[in-house]
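This structure is in structure tokens; I'll ask about it shortly.
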Amino acid sequence: MVTESSDIRRQLPAVDRLLADPEIEALVALYGRELVRQQVRCELDSLRRQLATDTPGGKEELKAVVGELIQRVVATLREGVGSELRRVLNATGILLHTNLGRAPLPRDVAARLPGLLNAYCDLEFDLESGRRSERNRRTERLLTTLTGAEAALVANNNAGALVLVLATLARDREVVVSRGELVEIGGSFRVPDILRAAGARLVEVGTTNRTRIDDYEQAIGLETALLLKVHPSNYRMSGFVASAGAADLVSLARHRGLPLAVDEGSGLLRPHLAPQLQGHESVKELIGLGVDLVCSSGDKLLGGPQAGLLVGTAELVHRCRRHPLYRALRPDRAAYASLEAVLRCHLAQGPLPLDRLWVDRAVHRRRLKGLAEKLGVDIVEAEAFVGGGAAPERPIPGEALALPGDSELLYRLRQGDPPVVGYIREGRLILDLRTVDPEDDLLLATAVGAALAA
Ligand SMILES: *Cc1c(COP(=O)(O)O)cnc(C)c1O
């Protein structure tokens, strides 16, 4: 028979007594009393519901049940509000990995940021006159110098820059786009949806595989506001294909008195010699051809922070800047600070993380050999990729580390400190170090050594 006092539910401690437990007290210091109290109450309630009516139990059972409850509170809070954004070693060989934050900033650029972030700065303030100033002023000078454009503007990201262009130039009017460029770029960026969201009307021209300049010409009418060319990014067509080039579109747009915008995506600032990037026109080339507006991402081939760069004619860029939507799309000072510094790296032709992909084979082999010997693993052929929608089918041949392991090891590496992300190929775990900063080799070796030993 169950007596009243042996029913565990009646012996459960009150919320306040649980809050005094040392493990719970530690949580209070981290997350605040209110949140912890809420979670304790919630776990107590669910425990009471779980325990069948009249669950008998002595001191030992009670202790176990309360211990489990405390662990659940700890785990739920850690997972819910305690998990921090963590640095990860990207050994996937995909340089611009959107899930891993795209372009890493150069170390010296990142090193200068903290001093700007925990203080005030002259973001919109002219130290000379003591008056209000423009947050775009420095990036505009840098971007116009680097691309040859008359004016420049920075938005939160490329999607934002494109929405701004469409809302400013083509609201309630028509935008002519090739059917071959009505692509989805991932993360729910779909060209037709963006147009609609910005209030523009889409006029599709050509066919899926072939669009000629005549197709654009025939689609132009009284309602046409803009010709738009979109880089198809990670989507490729081959075989019987044709598209109108930027130069032809420039002459058509000039002839018909319409603006031409190019959504270039990658944000390559100057032509790159790598064969993998031959299909990517640089922003400078597009401006040189006479394109009126070019938008691109700051965190793709440019190698900077998340940002949308809009460059083009003074008249059109300034119209975009004056649009009320711009207020909702402007970046914060951390983005400006790192973007300005990365653009100055471009000016000085300094090294950027992107260059690591094209590392000299012999230099890379020496680096791999040192690590392979230390860890007792092999070196195998492997292909790296630019990622971020650039050169999707143009692998960069080279070598990587191959570990004896499978998804179990892959998991242990992800759970390590720091987490290491690699991939499985033919039953081996591959770590491609072309996307790992050589300065992190010791960290990597320690994390991999620990995962292999576990
Ligand atoms: C990546 C990409 C976008 C989206 O850029 P975000 O900076 O991620 O907003 C838009 N257009 C093209 C062509 C792209 O490649």
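The values are calculated or read from the model by the stated rules, or taken from the named source; none is laboratory data. Bear in mind the structure is a predicted one, so any value in this text is a computation, not a measurement. Note that we place each Cβ from the backbone using ideal geometry, even for glycine, and neighbour counts take in every protein chain shown. Side chains included, ligands, DNA and RNA excluded: accessible areas come from the protein's heavy atoms. Shrake-Rupley method; radii C 1.70, N 1.55, O 1.52, S 1.80 Å.
Write down the percent of antiparallel bridges among all DSSP beta bridges whose residues are both part of the chain, to the nearest 5.
55 percent
Taking one equal scatterer on every alpha-carbon of region 1-104, how large is log10 of I(q)/I(0) by Debye at q = 0.15, 0.20, 0.22 1/Å?
Evaluating at q = 0.15, 0.20, 0.22 Å⁻¹ gives log10 I(q)/I(0) of -0.69, -0.97, -1.10.
Please report, as a whole percent, how much of the solvent-accessible surface of the chain comes from carbon and sulfur atoms (probe radius 1.4 Å).
51 percent
Where in the chain is the longest stretch that carries no chymotrypsin sites (Phe, Trp or Tyr not before Pro) classed as loop by DSSP and with at most 11 other Cβ atoms within 10 Å?
Answer from the scan: 241-454.
Another question about this same structure. May I ask for the Rg/Rh ratio of region 231-285, computed from Cα atoms with Rh as the Kirkwood radius, given to two decimals?
With Rg and the Kirkwood Rh in hand, the quotient comes to 1.00.
What figure, in Å² to the nearest 10, do you get for the accessible area of Val241 with a 1.4 Å probe and non-protein molecules left out?
60 Å²
I've got another one for you. Between Tyr411 and Ser6, what's the calculated FRET efficiency when r is the beta-carbon distance and R0 is 41 Å? Round to 0.05.
The calculated FRET efficiency here is 0.40.
Angle between the Cα long axis of helix 361-375 and the longest principal axis of the chain, 0 to 90 degrees, nearest 10?
Compared with the principal axis, the helix lies near 0 degrees.
I would also like to ask the following. Mind listing the long-range amide H neighbours of Ile94? Cut-off is under 5 Å, sequence gap 5 or more, other chains count too, H placed in the peptide plane at 1.01 Å from N.
Phe385
For a quick check: with amide H placed at 1.01 Å from N, whose amide H comes under 5 Å from Thr55's, ignoring anything fewer than 5 positions away on the same chain?
Result for Thr55 returns Ile8, Arg9.
Can you pull a Stokes-Einstein diffusion coefficient for the chain at 37 °C (0.692 mPa s), Rh from Kirkwood over Cα pairs, as a whole number of µm²/s?
So the translational diffusion coefficient is about 127 µm²/s.
Note the angle between two axes, namely the Cα long axis of helix 158-170 and the longest principal axis of the Cα atoms of the chain, as a number of degrees from 0 to 90, rounded to the nearest 10.
50 degrees
If each residue of separation counts as 0.36 nm, what is the full-extension length gain between Tyr31 and Asp360 once their alpha-carbon separation is subtracted?
That works out to 113.6 nm of additional length.
Let me ask something else. With each label point set 7 Å from Cα along the Cα-Cβ vector, what nm distance links Glu204 and Glu61?
Output for this residue pair reads 6.7 nm.
Quote the charge dipole size of the chain about the Cα centre in Debye, to the nearest 20; the model charges only the Cβ of Lys and Arg (+1) and of Asp and Glu (-1).
With only Lys, Arg, Asp and Glu charged at Cβ, the dipole is about 680 debye.
While we're here: Hey, got a sec? Which trypsin sites (Lys or Arg not before Pro) in region 93-151 land in a DSSP loop and have at most 12 other Cβ atoms within 10 Å?
Arg131
Related question: Specify whether the C-alpha gyration tensor of region 201-328 places it in the rounded, prolate or oblate class, a ≥ b ≥ c being the square roots of the eigenvalues: rounded for a/c under 1.5, otherwise prolate if a/b is larger than b/c and oblate if not.
oblate
Something else now. Pop the C-beta distance of Leu273 and Thr53 into the FRET formula with R0 = 45 Å and round what comes out to the nearest 0.05.
Computed FRET efficiency for Leu273 and Thr53 comes out at 0.05.
While we're on this one: List the relative contact order of the chain as a percent without decimals, with contacts defined as Cα pairs under 8 Å and 6+ residues apart.
Taking the mean separation of contacting Cα pairs over the length of the chain, I get 18 percent.
Ok, one more. Ordered by packing density, taken as the mean number of other Cβ atoms within 10 Å over each peptide's residues, highest first, how do 396-407, 271-282, 42-53 rank?
Working: 396-407: 17.8, 271-282: 16.1, 42-53: 12.6.
Result, highest mean first: 396-407, 271-282, 42-53.
Give the percent of DSSP beta bridges with both residues in region 107-347 that are antiparallel, rounded to the nearest 5.
Counting only bridges with both partners in region 107-347, antiparallel ones make up about 40 percent.
Would you work out if region 112-159 is rounded, prolate or oblate? Take a ≥ b ≥ c from the square roots of the eigenvalues of the alpha-carbon gyration tensor; rounded if a/c is under 1.5, else prolate when a/b is larger than b/c, oblate otherwise.
oblate
Which whole-number percentage describes the relative contact order of region 231-374, with Cα contacts under 8 Å and a sequence gap of 6 or more? Don't jump to the answer; show the numbers that get you there.
Details: 136 pairs, mean separation 24.3, N = 144.
With pairs under 8 Å counted, the relative contact order is 17 percent.
Write down the Å³ per residue value for the convex hull defined by the alpha carbon atoms of region 107-347. Could the numbers behind the result be given before it?
Numbers: hull volume 31.8 nm³, N = 241.
Cα convex hull per residue, to the nearest whole number: 132 Å³.
Right, here's the next one. Loop-only GluC sites (Glu not before Pro) in region 92-142, please: DSSP not H, G, I, E or B, and at most 14 other Cβ atoms within 10 Å.
Loop-located and lightly packed - Glu124, Glu128, Glu134.
Please go through region 212-301 and write out the trypsin sites (Lys or Arg not before Pro) that DSSP classes as loop and that have at most 15 other C-beta atoms within 10 Å.
Of the trypsin sites (Lys or Arg not before Pro), the ones in loops of region 212-301 whose Cβ has at most 15 other Cβ atoms within 10 Å are Arg236.
In debye to the nearest 20, how big a dipole does region 107-347 give about its Cα centre with +1 on each Lys and Arg Cβ and -1 on each Asp and Glu Cβ?
My answer is approximately 400 debye.
Here is a follow-up. Defining a contact as two alpha carbons under 8 Å apart and six or more residues distant in sequence, what relative contact order in percent does region 36-153 show?
Answer for region 36-153 is 13 percent.
Any chance you could give the angle, 0 to 90 degrees and rounded to 10, that helix 246-256 forms with the longest Cα principal axis of the chain?
For helix 246-256, the angle is close to 60 degrees.
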